[in-house]
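Here is the structure we will look at, set down as structure tokens.
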Amino acid sequence: MRNTFNIQTFGCQMNEHDSEVIAGMLCEKGFAQVAERKDADVAIINTCSVRDNADKRFFGTLGQLKKRKMHDPEFTVCVCGCMMQQQHVIDTIKSKYPWVDIIFGTHNIHQFPQLLDNVLKEKKKQIEVWPDGAEIVEGLPAKRLHKTKALVNIMFGCNNFCTYCIVPYTRGRERSRKPEDIVNEVKKLVEDGVKEIMLLGQNVNSYKGEGDVDFADLIYMLNQVDGLERIRFMTSHPKDLSDKLIQAFVECDKLCKNIHLPVQSGSSRILKEMNRKYDKEKYLSLVKMLKDAVPGITMSTDIIVGFPGETEEDFLETLDLVEKVRYDSAFTFLYSIRKGTPAEKYENQIPEDVKHERFNRLVDLVNSISAEKNAAYIGKVEKVLVEGPSKTNSKTYTGRTDGFKLVNFIGNPDMVGKIVDVRITEGKTFSLEGEVI
């Protein structure tokens, strides 16, 4: 029986978790996951439609598989994820990559084992994409990437309709899971050795569970789970950052003192064009409230450079905001047109050379602040959840602090999954070096 599979995942943690679920379902069917696609009987590509670069990489990867498919007709190629929720992408695959066996979307992942059975038994192509999310399917298995850390979806979809973003069209409207289902899942994960959970949602802090349970309420509930040591979440929207959630950072000892709070631009004019529903002053006031309530909280963000109509003055407002907030890190993106979004039709698209020049200035500023902040950790002792050996050096181990700082240190296999005290000896731009006490 041909029963090995490989998954390549593009995009965010939501996609990463979807891939864990796909892997879990296949393992339950007796399939074995392999690290290299060349060794797999079934290749799955889980796509992202947020950035233009992910689109290009996907089609490039798909093109590479044609030769293998021609030599081995039994080799099964499956594509899924956000890109498949767009009809023009499906049409492109049908016309240019007709040898793809299975296409499915973000709303019907649970159907994948059946679609695969149909292909293997009937040798017939399967295209099954639901336009909208139906009832949330509970109890799907997941093959986690980490033994002691887990991704937990608490909601799906997005209602924000930022003008640059395709997500509401690919992930559908917001749907929240029942609080008791989430708590029960976390309890089972803890029984299986999980110490840290990352709560996921396209707009995680707009969670609305049954019985008027909001996101802060859910944090308080999960803070009571015995054996759980750390709670994280992403991605949050500034418009939904409530006083109650800020207070949860103060009162919930398991909630990590770290927040990813996407700003996208420092210009109030551009933020209005983006339909972000806050301005620069409102964002800075939220940051001040967070820092006042939680001294030492670490912050990361998302910033888009070159949104249509962005002037040099608008861009300088972004640099000013970065200076004021002093982020620990930032995900920076060049604006790229997403087919089907309002901003696709905006006039005054910014020339590529201008985008790149601004992008480089922004990255230089973000990195210099990050290096400065990391240097301040030298001599401090941090509690680090050890994830495993470094990819580049088997004697060096890596882990994360409560504030999500990546720390490298000399360790041993017994430390994996434990929280150890590490004295920081060096602060680099993107990580810390330390020694276990």
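The values are calculated or read from the model by the stated rules, or taken from the named source; none is laboratory data. On a predicted model such as this, the values are computed, not experimentally measured, just so you know. Glycine also receives a Cβ, built like all others from the backbone with ideal geometry; neighbour counts cover every protein chain displayed. What goes into the accessible areas is simple: the full protein's heavy atoms, side chains included, and nothing from ligands, DNA or RNA. Shrake-Rupley method; radii C 1.70, N 1.55, O 1.52, S 1.80 Å.
Among the residues of region 1-26 satisfying the criterion of being of a type in the set (Ser, Thr, Tyr) and open to solvent by less than 50 Å² (accessible area, probe 1.4 Å), which is farthest from residue 75 (Cα to Cα)?
First, the residues of region 1-26 that are of a type in the set (Ser, Thr, Tyr): 4, 9, 19.
Checking which are open to solvent by less than 50 Å² (accessible area, probe 1.4 Å) leaves us with 4, 19.
Numbers: 4: 10, 19: 19 Å.
By that ranking, first place goes to 19.
Within region 3-26, can you find the residues that are under 18 Å from the mean Cα position of the chain (by Cα) and part of a helix (DSSP H, G or I)? Break it down stepwise before answering.
Looking only at region 3-26, we keep the residues that are under 18 Å from the mean Cα position of the chain (by Cα), and these are 7-23.
Scanning region 3-26 gives 13, 14, 15, 16, 17, 18, 19, 20, 21, 22, 23.
Is at least one residue of region 269-292 under 30 Å from residue 349 (Cβ atoms) and among the small types (Gly, Ala, Ser)? Explain how you work it out, then say what you get.
Step one: of region 269-292, the residues under 30 Å from residue 349 (Cβ atoms) are 269-284.
Add one more test, that the residue is among the small types (Gly, Ala, Ser), and what stays is none.
No, region 269-292 contains no residue that is under 30 Å from residue 349 (Cβ atoms) and among the small types (Gly, Ala, Ser).
Could you tell me which numbered condition residue 201 fails, if it satisfies all but one of (1) of a type in the set (Gly, Ala, Ser); (2) surrounded by fewer than 17 Cβ atoms within 10 Å (Cβ to Cβ); (3) at pLDDT below 95?
With (1) of a type in the set (Gly, Ala, Ser); (2) surrounded by fewer than 17 Cβ atoms within 10 Å (Cβ to Cβ); (3) at pLDDT below 95 applied to residue 201, the lone miss is (2).
Are any residues in region 71-114 under 16 Å from residue 26 (Cα atoms), without any contact (Cβ under 8 Å) to a residue 40 or more places away in the chain, in contact with a strand residue (DSSP E or B) (Cβ under 8 Å, 6 or more places away or on another chain) and open to solvent by 10 Å² or more (accessible area, probe 1.4 Å), and if so, which ones?
Across region 71-114, the qualifying residue is only 111.
On the basis of being open to solvent by 30 Å² or more (accessible area, probe 1.4 Å) and farther than 23 Å from residue 132 by Cβ, does residue 29 make the cut? Give the derivation first.
Numbers: open to solvent by 30 Å² or more (accessible area, probe 1.4 Å): yes; farther than 23 Å from residue 132 by Cβ: yes.
The answer is yes for residue 29.
For region 372-384, state whether one or more residues are in contact with a helix residue (DSSP H, G or I) (Cβ under 8 Å, 6 or more places away or on another chain) and open to solvent by less than 30 Å² (accessible area, probe 1.4 Å). Reasoning before the result, please.
Applying the first criterion (in contact with a helix residue (DSSP H, G or I) (Cβ under 8 Å, 6 or more places away or on another chain)) to region 372-384 yields none.
No: zero hits.
Counting just the residues of region 43-64 that are under 21 Å from the mean Cα position of the chain (by Cα) and assigned to a strand (DSSP E or B), which one comes out nearest to residue 77 (Cα to Cα)?
The extreme case among them is 44.
Each row is one residue, and each column tells you yes or no for (1) touching a residue at least 40 places away in the same chain (Cβ under 8 Å); (2) among the small types (Gly, Ala, Ser); (3) assigned to a loop (DSSP other than H, G, I, E, B).
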residue: 365; (1), (2), (3): yes, no, no
residue: 370; (1), (2), (3): yes, yes, no
residue: 374; (1), (2), (3): yes, no, no
residue: 382; (1), (2), (3): yes, no, no
residue: 394; (1), (2), (3): no, yes, yes
residue: 397; (1), (2), (3): no, no, no
residue: 423; (1), (2), (3): yes, no, no
residue: 426; (1), (2), (3): yes, no, no
residue: 429; (1), (2), (3): yes, no, yes
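Looking at (1) under 17 Å from residue 226 (Cα atoms); (2) in contact with a strand residue (DSSP E or B) (Cβ under 6 Å, 6 or more places away or on another chain), which is the one condition that is false for residue 180?
(2)
Could you give every pair whose Cβ atoms fall below 6 Å, whose first residue belongs to region 255-283 and is farther than 29 Å from residue 402 by Cα and without any contact (Cβ under 8 Å) to a residue 60 or more places away in the chain, and whose second residue is open to solvent by 10 Å² or more (accessible area, probe 1.4 Å) and polar (S, T, N, Q), counting only separations of at least 6 or pairs across chains?
279/268
Taking region 165-187, which residues are out of contact with any Ser or Thr (no Cβ under 6 Å at 6 or more places or on another chain), part of a loop (DSSP other than H, G, I, E, B) and within 25 Å of residue 50 (Cβ to Cβ)? Steps first, please.
Filtering region 165-187 for residues out of contact with any Ser or Thr (no Cβ under 6 Å at 6 or more places or on another chain) gives 165, 167-169, 172-187.
The next check asks that each one be part of a loop (DSSP other than H, G, I, E, B); those that pass are 165, 172-174, 177-178.
Within region 165-187, 165, 172, 173, 174, 177 qualify.
Which of the residues belonging to region 65-87 are of a type outside the set (A, V, I, L, M) and either part of a loop (DSSP other than H, G, I, E, B) or out of contact with any helix residue (DSSP H, G or I) (no Cβ under 9 Å at 6 or more places or on another chain) (or both)? Steps first, please.
Quick first cut of region 65-87, residues of a type outside the set (A, V, I, L, M) only: 66-69, 71-76, 78, 80-82, 85-87.
Result: 66, 67, 69, 71, 72, 73, 74, 75, 86, 87.
Taking region 115-147 as the search range and keeping residues that are open to solvent by 20 Å² or more (accessible area, probe 1.4 Å) and of a type in the set (Val, Ile, Thr), which one is farthest from the chain's Cα centre (by Cα)?
Filtering first and then ranking leaves 127.
With touching a Gly at 6+ places or on another chain (Cβ under 6 Å) and closer than 30 Å to residue 347 by Cβ as the only criterion, which of 175, 171 stands out?
Numbers: 175 fails: closer than 30 Å to residue 347 by Cβ.
Only one candidate passes the filter, namely 171.
Of all the residues that make up region 173-228, how many are over 18 Å from residue 13 (Cα atoms) and of a type in the set (S, T, N, Q)?
Number of matching residues: 3.
For residues that are among the basic types (Lys, Arg) and open to solvent by 60 Å² or more (accessible area, probe 1.4 Å), tally how many sit in region 335-371. Can you show your working first?
Taking region 335-371 first, the residues among the basic types (Lys, Arg) are 338-339, 345, 355, 358, 361.
Those left that are additionally open to solvent by 60 Å² or more (accessible area, probe 1.4 Å): 339, 345, 361.
Number of matching residues: 3.
Quick check: anything in region 403-414 at pLDDT below 95, crowded, with 18+ Cβ neighbours inside 10 Å, in a loop (DSSP other than H, G, I, E, B) and of a type in the set (S, T, N, Q)?
no
Scan region 145-160 and tell me whether some residue there is small (Gly, Ala, Ser), touching a residue at least 60 places away in the same chain (Cβ under 8 Å) and in contact with a Pro (Cβ under 9 Å, 6 or more places away or on another chain). Don't jump to the end; show me each part of the working.
Applying the first criterion (small (Gly, Ala, Ser)) to region 145-160 yields 150, 157.
From what's left, touching a residue at least 60 places away in the same chain (Cβ under 8 Å): none.
No, the conditions are met nowhere in region 145-160.
Would you check if residue 323 is open to solvent by 10 Å² or more (accessible area, probe 1.4 Å), under 30 Å from residue 345 (Cα atoms) and out of contact with any Cys (no Cβ under 6 Å at 6 or more places or on another chain)?
Judged against the criteria, residue 323 is not a match.
Filtering region 39-65 down to residues that are at pLDDT 90 or above and not hydrophobic (A, V, I, L, M, F, W, C), which residue is nearest to residue 141 (Cα to Cα)?
Restricting to residues being at pLDDT 90 or above and not hydrophobic (A, V, I, L, M, F, W, C), the top hit is 46.
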